[in-house]
1. Taking the residues in the range 65-82 that are in a helix (DSSP H, G or I) and either within 30 Å of the chain's Cα centre (by Cα) or among the charged types (D, E, K, R) (or both) as candidates, determine which candidate is farthest from residue 111 (Cα to Cα).
2. Looking only at the range 90-113, which residues are in a loop (DSSP other than H, G, I, E, B), surrounded by 10 or more Cβ atoms within 10 Å (Cβ to Cβ) and within 24 Å of the chain's Cα centre (by Cα)?
3. Could you list all residues from the range 19-64 that are under 12 Å from the mean Cα position of the chain (by Cα), farther than 30 Å from residue 105 by Cα and among the hydrophobic types (A, V, I, L, M, F, W, C)?
4. Return the total of residues in the range 67-87 being charged (D, E, K, R) and touching a residue at least 24 places away in the same chain (Cβ under 8 Å).
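Nothing in this text is a laboratory measurement; each read-out follows from the coordinates by a stated rule. Not measured: the values here are computed from a predicted model. Please note: Cβ atoms are built from the backbone with ideal geometry, for glycine as well, and neighbour counts cover all protein chains shown.
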Amino acid sequence: MSNRFENDEIRVFRISDKMFNLISLAIFFALIIIFFLAVDATGRSSIRKQQDALESAISRDIVQCYAIEGRYPPSLDYLKQHYGLVYDENTFFVDYMPIAANLYPDVTVILINK
């Protein structure tokens with residue numbers, strides 16, 4: 001006679017050691033991939049913030065030059081020499097087109113793809 005709490009028909013789902021190792025390895029690689037994607041997204045966000053900061057710094061220096069000297073700067077080098085503009089020229093290309101001494105110049109900051 002069998003115990004009433006024991007049932008011969010109950011089957012327990014078991015994972016073999018080999019399958020457990022494969023699942024663990026897959027989860028590990030998935031976490032590694034997610035980590036690298038997050039780091040990449042953070043890097044892109046950082047570059048975008050640098051570009052925004054550079055655009056703001058150039059604009060501020062242009063307006064400061066106009067306020068002090070009564071004319072807009074004739075070139076980007078003028079801003080670098082007289083107003084301390086510094087940026088990474090390997091990362092950003094700045095197109096500075098002066099229109100006239102009394103008109104705001106056309107400035108474009110472009111990210112250089114590496």
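1. Across the range 65-82, the extreme among qualifying residues is 69.
2. The answer is 91, 112.
3. Selection gives 37, 38, 39, 41.
4. So the answer is 1.
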